[in-house]
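*Asks:* Have a look at this one.
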Amino acid sequence: MIAAKTEPKVIHATCVVERSFSKPPSTVFAALSEPEKVKQWYGGEGGNHEIVEFALKFAIGGTQRLAYRFKGGHPLQGMVLVNDGLFQDIVPNQRIVSASAMTLDDKRISASLVTFELLPTETGTDLVCTHQGAFFEGAGPDPAKMREDGWNSLMDKLVRLVENR
C-alpha cells in the first residue's frame, strides 16, 4: 500500500438489505418501477422533509430524480437533498440496477450503485437490495450507517405498500 500522509477522503461501503413479500415478483417489480408507486415508498413525504421534485423514466438509460427539503426541527433544516439516478440494467420481474449521485445543497456527497434482485419463493418474493457507495466529504459522521438505516426504512415502506399494510 502507498504510504500516504493523510487518510483517504472517500469512504467505500456496501450494505445488503433484504425483505420478503407474500406477493409474486411481478407485484414487487411494479412497486419498484411504476412512478406513482415508487413515489409512495421512495419519495413519500416524511415527517422531516417535503418533496421538491420527483421524476422517473423507467427504462435502461432512463433517469430518476428525487429532491426534498428538510423541514424545521431537522438538523439540516432548509437544505435540499437531491438524488439523481440512471438505470443501468432492467430485467422485468428479476433485476433493476441503477447508478446515482447525491447532493446536499449542490455539494456532491456520494455516488452509488444500487441493485434490486427479485427472487421467487414458494410463498412470494424475496427482495435483495445491494447498495455500493462512495461517500465524500460532507456526507456526515457515519455515512455508510446512515445510508444503510435509510435503505432499511425505505424497504419497510415498500413492504407496507406492497402488502397493503
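The values are calculated or read from the model by the stated rules, or taken from the named source; none is laboratory data. These numbers were taken from a predicted model, which means no experiment stands behind them. FYI the Cβ positions are ideal-geometry reconstructions off the backbone, even for glycines, and counts take in every protein chain you see. In case anyone asks, the SASA skips ligands and DNA or RNA and just uses the protein heavy atoms, side chains included. Shrake-Rupley method; radii C 1.70, N 1.55, O 1.52, S 1.80 Å.
*Asks:* With charges only on Cβ, +1 for K and R and -1 for D and E, what is the dipole size of the range 1-81 about its Cα centre, in debye, rounded to 20?
*Replies:* Using only the charged Cβ atoms, the result is roughly 120 debye.
*Asks:* Residues of the range 42-165: accessible area per residue at 1.4 Å, in Å²?
*Replies:* For the range 42-165, the solvent-accessible area averages 51 Å² per residue.
*Asks:* Turning to a different aspect of this structure: Roughly speaking, what is the stretch gain from F58 to N164, that is 0.36 nm per residue apart minus the C-alpha to C-alpha distance, in nm to one decimal?
*Replies:* Stretched fully, the F58-N164 segment lengthens by 35.8 nm.
*Asks:* Scan [x] 16.1; [y] 16.7; [z] 17.3 for the value of Kirkwood radius over Cα pairs in Å calculated from this model and give just the label.
*Replies:* [y]
*Asks:* What do you get for the angle between helix 143-162 and the principal long axis of the chain? Use alpha-carbon atoms, 0 to 90 degrees, nearest ten.
*Replies:* Roughly 20 degrees, rounded to the nearest 10.
*Asks:* Longest segment of the chain with no GluC sites (Glu not before Pro) in a DSSP loop having at most 10 other Cβ atoms within 10 Å?
*Replies:* 1-121
*Asks:* Let me ask something else about it. Can you compute the helix-only [θ] at 222 nm over the chain? Use -39500 (n - 2.57) per DSSP H run of at least 4 residues, normalise by all residues, nearest 500 deg cm²/dmol.
*Replies:* Estimated from H runs of four or more residues: -7000 deg cm²/dmol.
*Asks:* Most mobile of G73, G133, G43 per a Gaussian network model of the chain (Cα springs, under 10 Å)?
*Replies:* Answer for the Gaussian network model of the chain: G73.
*Asks:* Quick one: putting +1 on the C-beta of Lys and Arg, -1 on the C-beta of Asp and Glu, what dipole do you get for the range 36-165 around its Cα centre, in Debye to the nearest 20?
*Replies:* It works out to roughly 240 debye.
*Asks:* Find the lysine pairs in the chain meeting two conditions, Cα atoms under 18 Å apart and a separation of 8 or more places or different chains, and report how many there are.
*Replies:* Step by step, the pairs that qualify in the chain add up to 8.
*Asks:* Would you mind counting up the charge near D105? Only other residues with Cβ under 14 Å from its Cβ, with Lys and Arg at +1 and Asp and Glu at -1.
*Replies:* Once all neighbours under 14 Å are counted, the net charge is +1.
*Asks:* Now for a separate question. Could you give the alpha-carbon Rg of the range 45-115 over 2.2 N^0.38 Å, rounded to two decimals?
*Replies:* 1.23
*Asks:* Computing the accessible area with a 1.4 Å probe over protein heavy atoms, can you report the carbon and sulfur percentage for the range 38-165?
*Replies:* 50
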